[in-house]
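Asks: A single structure is presented below for examination.
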Amino acid sequence: MIKYQTVKVISENRDEKDIFLEIPTQYPWFINIIHPKKWARRYEAPDLFAAFQTIRLEFEKAGIRFLCIGARPDIMASGMSRNMCGGRKVYVIRHGEQADRSNMVDIFDHAPPDRIGTVQQQRDFATRWLASAIHRR
């Protein structure tokens, strides 16, 4: 089954626009971006989180960022999430703390512009978080 979702993006000059997505609820995982002028672009990956990162990397080159929780630097998809729900649910992580199920959020839910980052910032945050969790033991 396919679900349709509208998400917001923001450009470098702070203009916000809606983007229309087609997102499957089960494997195979992909995200289709649907343009109002009747074209689409498909991004396939092992899970939705990976597909969303691929989309974000492409849009970042054009100075466009997604206003979604999945674009926050302080989130991380666990292996279990990737296997069970295709990485659609992720953990909000904090340095020195374990990921907690009560902090799971949907990657396509809205996030304000001051809470989003680049894919590289997200990867760097996850690396620092893992190191802080290891040193906490």
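The values are calculated or read from the model by the stated rules, or taken from the named source; none is laboratory data. Everything quoted here is computed from the prediction, not taken from an experiment. As a convention, Cβ positions derive from the backbone with ideal geometry for all residues, glycine included, and neighbour counts pool all protein chains shown.
Asks: Give the residue that is surrounded by the fewest Cβ atoms within 10 Å (Cβ to Cβ), with candidates limited to residues of region 93-121 that are at pLDDT 95 or above, of a type in the set (S, T, N, Q) and part of a helix (DSSP H, G or I).
Replies: Q120
Asks: To continue, here is another question. Give region 25-47 a look and list any residue that's in contact (Cβ under 8 Å) with a residue 24 or more places away in the chain and touching a helix residue (DSSP H, G or I) at 6+ places or on another chain (Cβ under 8 Å), or say none.
Replies: W29, I31, P46, D47
Asks: May I pose another question? Quick check on my filter: what residues within region 54-91 are among the charged types (D, E, K, R) and within 10 Å of I107 (Cβ to Cβ)?
Replies: Here is the first cut: in region 54-91, the residues among the charged types (D, E, K, R) are 56, 58, 60-61, 65, 72, 74, 82, 88-89.
R72, R88, K89, listed by residue number.
Asks: What number of residues within region 39-69 are among the small types (G, A, S), closer than 17 Å to E16 by Cα and out of contact with any Asp or Glu (no Cβ under 6 Å at 6 or more places or on another chain)?
Replies: First, pick out the residues of region 39-69 that are among the small types (G, A, S): 40, 45, 50-51, 62-63.
From what is left, the residues that are closer than 17 Å to E16 by Cα are 62-63.
Now narrow it down to the ones that are out of contact with any Asp or Glu (no Cβ under 6 Å at 6 or more places or on another chain): 62.
Matching residues across region 39-69 total 1.
Asks: What's the total number of residues in region 92-118 that are touching an Asp or Glu at 6+ places or on another chain (Cβ under 7 Å) and either hydroxyl-bearing (S, T, Y) or within 22 Å of K61 (Cβ to Cβ) (or both)?
Replies: Total meeting the criteria: 1.
Asks: Here's something else I'd like to know. Can you tell me which residue in region 28-58 is nearest to S81 (Cα to Cα), limited to those that are at pLDDT 95 or above and of a type in the set (F, W, Y)?
Replies: F49
Asks: Look at region 122-134 and say how many of its residues are surrounded by 15 or more Cβ atoms within 10 Å (Cβ to Cβ) and among the small types (G, A, S). Talk me through it step by step, then tell me what you get.
Replies: Keep residues of region 122-134 that are surrounded by 15 or more Cβ atoms within 10 Å (Cβ to Cβ), which gives 122, 125-126, 129, 133.
If we keep only those that are among the small types (G, A, S) as well, we get 126, 133.
Number satisfying all stated conditions: 2.
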